[in-house]
Amino acid sequence: MSLQIDDTPAALTAAQTLTGWRREFCVELLGDGQARIFLRVVEHPSLKATELHRGVLFHRVGAAFGDLAACVAAARDPLERLAKGASRQQPSKENLFAAVTYDRAAWEQVVGAVDAWQRRPHGVAAR
């Protein structure tokens with residue numbers, strides 16, 4: 001199992017924040033217990049069906065979000081469960097948009113861990 005962390009900075013300027021740009025925490029489910037985790041900046045909210053077609057789950061995070069590695073460390077257990085339970089699939093007539101199946105409960109736990117990490121008092125290390 002492998003979690004690949006792409007910690008390329010996702011810069012968000014004050015002007016972008018004021019005009020509706022947002023930052024998203026993303027997990028690309030690669031299959032075989034592997035996932036790529038990254039932050040991105042988007043001008044418009046991402047569309048779930050479009051991202052599922054690419055195998056990407058996303059969660060909006062605050063403009064001050066910055067330490068991806070520390071957040072991933074705090075959410076490692078549910079992230080590993082999510083990656084382990086995901087599998088890539090070929091789109092079919094019954095499932096045209098989702099290129100991946102995944103454990104929705106594990107994703108909700110990831111979202112909860114990311115949100116809890118964001119709410120922690122500044123200067124407190126992740127547990």
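The values are calculated or read from the model by the stated rules, or taken from the named source; none is laboratory data. Everything numeric in this text was worked out from a predicted model, so none of it was measured. Neighbour counts run over all protein chains shown; Cβ positions are idealised from the backbone, glycine included. Protein only, heavy atoms only, side chains kept; ligands, DNA and RNA dropped before computing areas. Shrake-Rupley method; radii C 1.70, N 1.55, O 1.52, S 1.80 Å.
Structure notes:
- Qualifying residue in the stretch 104-122 (condition: exposed (fewer than 15 other Cβ atoms within 10 Å of the Cβ), modelled with pLDDT under 85 and not basic (Lys, Arg)): yes
Conditions tested, residue by residue: (1) within 13 Å of ILE5 (Cβ to Cβ); (2) modelled with pLDDT of 80 or more; (3) in contact with a His (Cβ under 9 Å, 6 or more places away or on another chain).
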| residue | (1), (2), (3) |
| --- | --- |
| ASP77 | no, yes, no |
| ALA83 | yes, yes, no |
| ALA86 | no, yes, no |
| ALA98 | no, no, yes |
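- Near pairs, Cβ below 7 angstrom, 6+ apart or cross-chain, from the stretch 25-40 (on the phi > 0 side of the Ramachandran plot) to any residue that is among the polar types (S, T, N, Q) and surrounded by 16 or more Cβ atoms within 10 Å (Cβ to Cβ): none
- Of all residues in the stretch 32-60, those satisfying the criterion of being of a type in the set (Asp, Glu) and open to solvent by 70 Å² or more (accessible area, probe 1.4 Å) are ASP32, GLU43.
- Against the conditions (1) within 14 Å of the chain's Cα centre (by Cα); (2) open to solvent by 80 Å² or more (accessible area, probe 1.4 Å), CYS71 satisfies every one except (2).
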